Amino acid sequence: MMKKLAVLCLLALNAGVLLAQEHQMSKNYQAPADPLVQQKLSQWQDLKFGLFMHWGTYSQWGVVESWSICPEDEGWTQRKGPYGETYNGYVKAYENLQTTFNPTRFNPEKWVAAAKRAGMKYVVFTTKHHDGFSMFDTKQTDYKITSAKTPFSANPRSNVTKEIFNAFRKENFMIGAYFSKPDWHSPDYWWPYFPPKDRNVNYDPAMHPDKWQKFKDFTYNQISELMTDYGKVDILWLDGGWVRPKSTIDTAVDWQRGIKFNQDIDMPRIAAMGRAKQPGLIVVDRTVAGEFENYTTPEQQVPGVPLDHPWETCITMGDSWSYVPNDHYKSAQQIVQLLVKIVSRGGNLLLNIGPGPDGDWDPVAYSRLAQVSGWMETNGEGIYGSQSVAPYSTGDIFYTKAKNSNTLYAFLMAGKDSTVKFEPTVTIKLNNIKAVKGVSLLGQKQKLKYKLKGDELIVSLPAPIQHNTGYQYAATFKITY
């Protein structure tokens, strides 16, 4: 993932900066021309809520994924522990984590059950992060979970990517394969002849075209394996946006100014192969605007207004993408309200949980999903298959519209104590709606009284509802017109 933003700063970001970022993400969006991709993308947009998982050998140290081996990022993910004194010693110890990785509590069906109950509809799993350790049975390298060097290779479920995809697919989840384009373990990306200086390739591909071609072929072959041997795959989620044609660099984006070389990985070849093997494959070449970024991926942020194209925000349940002992997990209220805000802007929420070195999630993650599941059972109809609708939000109320009917949903957010406080009347803003057929509160059978005055729908709440303290996180009004 790109440089990590503190989640606690999420809602405090300057609105002007957010709007600039939103414009940046959308100005070069190119809708896919393939009808099968269009269809798959439309299906994906209706799902709204997905599970992301960052998992690798780094979970044993409880560090931030691969980043501690990247010299550029020492400022925010320092080398620590007994191996931190020298860079080469640290990298050797890091890569040696392969020889102790043995997540014997790995049980993807347990994850599926928890995610399904919480209302998640798709999964994106890190088949390989920037460190190059493959969480699948690649034939291109021995730096993988199924290598004889890795203790877990003796486990019948050692090909964890295949096990995860199969388990989630059985429950009708859409399947996404995260794959890092850069590979800091590959001698054809970080050539041992030169020391790495930053996250980029450490030689000029134009001066060493044969070596770069080897890396392109290595990348192509690994992705081909994922597209061939792992069942139906719906999304190819490519990270590491600095691996890109130099012509696509946007110097207005700070981190892109540090890309010195043309790192063209030949996306037309990769996408054509992927779609030949997986018709309708959604390709997410994130941050590289154009033909192969079928949806955009704002990270750890909620856009202030709807975007003009398909998008998904990826956000951590804890403070970190990968497993960190005693991580601080978001409350169920925070998760629900993030989901509502994102969906009200027309996006999807991809919520990340990092499995630990034993192969399981922190118990807190299961607890949070169980709490979310209760809310989704009552209110999910206002989430799935919905679209953004003006005015999007007014005060503590956020709006969605059913995709295929004249139905609006107004989510009244709870305050800090997580319980929704009802006043005798609730004012819901409408946009160009001249007549309303009915109003109800999800979870209640009775119809509510209302009056329409201009663009305001004033809903009266009877005393039993006003005093009902059972509504947690957000209450949903359903308006038909």
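The values are calculated or read from the model by the stated rules, or taken from the named source; none is laboratory data. Model, not experiment: these values are computed from the prediction. Cβ: placed from backbone, ideal geometry, glycine included. Neighbour counts: every protein chain shown. Quick note on the areas: whole protein, heavy atoms, side chains included, nothing else; ligands and nucleic acids left out. Shrake-Rupley method; radii C 1.70, N 1.55, O 1.52, S 1.80 Å.
Condition first: closer than 26 Å to ILE235 by Cα, basic (Lys, Arg) and open to solvent by 30 Å² or more (accessible area, probe 1.4 Å). Can you find one or more residues in segment 131-151 that meet it?
yes
A quick yes/no check of all residues on (1) modelled with pLDDT of 95 or more; (2) touching a Leu at 6+ places or on another chain (Cβ under 9 Å); (3) on the phi < 0 side of the Ramachandran plot; (4) open to solvent by less than 30 Å² (accessible area, probe 1.4 Å):
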position	(1), (2), (3), (4)
LYS330	yes, yes, yes, yes
GLN334	yes, no, yes, no
LEU338	yes, yes, yes, yes
GLY354	yes, no, yes, yes
ALA365	yes, no, yes, yes
ARG368	yes, no, yes, no
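Can you run down the residue pairs with Cβ atoms below 9 Å, 6 or more apart or on separate chains, where the first is in segment 204-215 and under 15 Å from LYS260 (Cα atoms) and the partner is open to solvent by 80 Å² or more (accessible area, probe 1.4 Å) and at pLDDT below 95?
ASP204/LYS260
So which pairs qualify, if the first residue must be in segment 298-313 and β-branched (Val, Ile, Thr), the second must be open to solvent by 20 Å² or more (accessible area, probe 1.4 Å) and not in a loop (DSSP other than H, G, I, E, B), the Cβ gap must be under 6 Å, and the two must be at least 6 apart or on different chains?
If the second residue must be open to solvent by 20 Å² or more (accessible area, probe 1.4 Å) and not in a loop (DSSP other than H, G, I, E, B), the pairs left are VAL302/LYS341.
All but one of (1) free of Cβ contacts under 8 Å to residues at least 60 places away in the same chain; (2) closer than 20 Å to VAL123 by Cα; (3) touching a helix residue (DSSP H, G or I) at 6+ places or on another chain (Cβ under 7 Å) hold for LEU281; state the number of the condition that does not hold.
(1)
Tally the residues that are aromatic (Phe, Trp, Tyr) and open to solvent by 40 Å² or more (accessible area, probe 1.4 Å), restricting the search to segment 192-250. Give the steps one after another, and end with the answer.
Going through segment 192-250, the residues aromatic (Phe, Trp, Tyr) turn out to be 193-194, 203, 212, 215, 218, 220, 230, 237, 242.
From what is left, the residues that are open to solvent by 40 Å² or more (accessible area, probe 1.4 Å) are 193-194, 220.
Final tally of qualifying residues: 3.
Could you give every pair whose Cβ atoms fall below 9 Å, whose first residue belongs to segment 327-340 and is of a type in the set (Phe, Trp, Tyr), and whose second residue is surrounded by fewer than 19 Cβ atoms within 10 Å (Cβ to Cβ) and assigned to a helix (DSSP H, G or I), counting only separations of at least 6 or pairs across chains?
Hits for this filter: TYR329/VAL364; TYR329/SER367.
Against the definition (in contact (Cβ under 8 Å) with a residue 12 or more places away in the chain, in contact with a Lys or Arg (Cβ under 8 Å, 6 or more places away or on another chain), assigned to a loop (DSSP other than H, G, I, E, B) and within 26 Å of THR313 (Cα to Cα)), how does VAL233 come out, yes or no?
Working: in contact (Cβ under 8 Å) with a residue 12 or more places away in the chain: yes; in contact with a Lys or Arg (Cβ under 8 Å, 6 or more places away or on another chain): no; assigned to a loop (DSSP other than H, G, I, E, B): yes; within 26 Å of THR313 (Cα to Cα): yes.
In short, no.
For segment 371-481, which strands (runs of 3 or more DSSP E) that fit wholly inside it have 2 or more residues that are loosely packed, with under 12 Cβ neighbours inside 10 Å, more than 33 Å from the chain's Cα centre (by Cα) and not acidic (Asp, Glu)?
Ranges flagged: 449-453.
Among residues belonging to segment 276-287 that are open to solvent by 10 Å² or more (accessible area, probe 1.4 Å) and in a loop (DSSP other than H, G, I, E, B), point out the one that is farthest from ASP234 (Cα to Cα).
Step one: of segment 276-287, the residues open to solvent by 10 Å² or more (accessible area, probe 1.4 Å) are 276-279, 287.
Still in the list and also in a loop (DSSP other than H, G, I, E, B): 278-279, 287.
Values: GLN278: 7, PRO279: 9, THR287: 19 Å.
Ranking the qualifying residues of segment 276-287, first place goes to THR287.
Just the residues that are buried (at least 23 other Cβ atoms within 10 Å of the Cβ) and not hydrophobic (A, V, I, L, M, F, W, C), please, taken from segment 160-177.
Result: THR161, GLY176.
Filter segment 189-230 for residues that are under 19 Å from GLY241 (Cα atoms), acidic (Asp, Glu) and in a helix (DSSP H, G or I) and give the result.
The one that is under 19 Å from GLY241 (Cα atoms), acidic (Asp, Glu) and in a helix (DSSP H, G or I): ASP217.
How many residues does segment 406-420 hold that are in contact with a strand residue (DSSP E or B) (Cβ under 9 Å, 6 or more places away or on another chain) and either farther than 26 Å from GLN371 by Cα or among the charged types (D, E, K, R) (or both)?
2
Please work out which residue is most open to solvent (accessible area, probe 1.4 Å), limiting yourself to segment 107-130 and to residues that are out of contact with any Cys (no Cβ under 9 Å at 6 or more places or on another chain) and part of a loop (DSSP other than H, G, I, E, B).
LYS121
For LEU338, state whether it is over 15 Å from TRP111 (Cα atoms) and in a strand (DSSP E or B).
Numbers: over 15 Å from TRP111 (Cα atoms): yes; in a strand (DSSP E or B): no.
Answer is no for this residue.
Say whether the condition of being open to solvent by 10 Å² or more (accessible area, probe 1.4 Å), within 30 Å of ASP358 (Cβ to Cβ) and not in a helix (DSSP H, G or I) is met by at least one residue in segment 264-275. Spell out the reasoning first.
The first filter runs over segment 264-275 and keeps only residues open to solvent by 10 Å² or more (accessible area, probe 1.4 Å), leaving 264, 266-269, 272-273, 275.
Applying the additional criterion that residues be within 30 Å of ASP358 (Cβ to Cβ) yields none.
No, that holds for no residue.
Pairs please, first residue from segment 390-405 and under 24 Å from LYS416 (Cβ atoms), second anywhere and among the hydroxyl-bearing types (Ser, Thr, Tyr) and open to solvent by 50 Å² or more (accessible area, probe 1.4 Å), Cβ atoms under 7 Å, 6+ apart in sequence or on different chains.
TYR399/TYR392
Considering only segment 183-204, I want to know if a residue exists there that is closer than 22 Å to ASN96 by Cα, among the polar types (S, T, N, Q) and modelled with pLDDT of 95 or more.
yes
Quick test for you: out of TRP255, TRP242, pick the one residue that is at pLDDT below 95, closer than 28 Å to ASP319 by Cβ and of a type in the set (Phe, Trp, Tyr).
Working: TRP242 fails: at pLDDT below 95.
After applying the criteria, what remains is TRP255.
With the checklist (1) surrounded by fewer than 19 Cβ atoms within 10 Å (Cβ to Cβ); (2) in contact with a helix residue (DSSP H, G or I) (Cβ under 7 Å, 6 or more places away or on another chain); (3) of a type in the set (S, T, N, Q) in hand, flag the one item ASN96 doesn't pass.
(2)
State whether one or more residues within segment 71-92 are out of contact with any helix residue (DSSP H, G or I) (no Cβ under 9 Å at 6 or more places or on another chain), hydrophobic (A, V, I, L, M, F, W, C) and surrounded by 14 or more Cβ atoms within 10 Å (Cβ to Cβ).
Within segment 71-92, none of the residues are out of contact with any helix residue (DSSP H, G or I) (no Cβ under 9 Å at 6 or more places or on another chain), hydrophobic (A, V, I, L, M, F, W, C) and surrounded by 14 or more Cβ atoms within 10 Å (Cβ to Cβ).
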